1. Residue by residue through the stretch 17-31, note down the ones that are among the hydrophobic types (A, V, I, L, M, F, W, C) and under 9 Å from the mean Cα position of the chain (by Cα).
2. Quick one: which of D62, D68, D24, D79 is in a helix (DSSP H, G or I) and surrounded by 13 or more Cβ atoms within 10 Å (Cβ to Cβ)?
Amino acid sequence: MEDKDRNEIFSKRVRAGKRTYFFDIKATRSNDYYLTITESKRKFKDDGFSYEKHKIFLYKEDFAKFVDALNEAVSHVKDELLPDVDFTQFDKEEEEYSLNNNSDHDSDLSWD
């Protein structure tokens with residue numbers, strides 16, 4: 001069985017309330033690189049909890065198109081749909097969450 005961590009190059013976690021997003025750069029056997037974006041959402045069950053995960057694989061030839069489309073979509077929401085919302089308030093909430101939960105403790109965690 002292949003070691004799953006062997007091809008992981010970089011990992012970044014973004015906590016967002018009940019969701020956590022993981023941005024993982026991985027290498028193929030031929031030393032090419034791709035990005036996986038994973039949304040992990042904690043779900044409560046009768047006997048505890050589990051995680052529901054959704055993953056996107058993004059290949060290098062699509063990076064620019066993906067980033068452009070994401071920026072365009074976010075800008076549309078901010079500028080056209082919700083122009084009166086102060087989006088910096090959400091940055092402050094994330095800073096407070098990080099301080100209160102010591103998120104640096106397990107910052108190397110990633111999901112496959």
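Taken together, the values in this text are just the output of simple stated rules run on the coordinates, not laboratory data. Just so we're clear, the structure is a prediction, and the values are computed from it rather than from any experiment. Here the Cβ is made from the backbone with ideal geometry for all residues, glycine too, and neighbour counts use every protein chain on show.
1. Listed by number, the residues that qualify are F22, F23.
2. Sole residue among the options that is in a helix (DSSP H, G or I) and surrounded by 13 or more Cβ atoms within 10 Å (Cβ to Cβ): D62.
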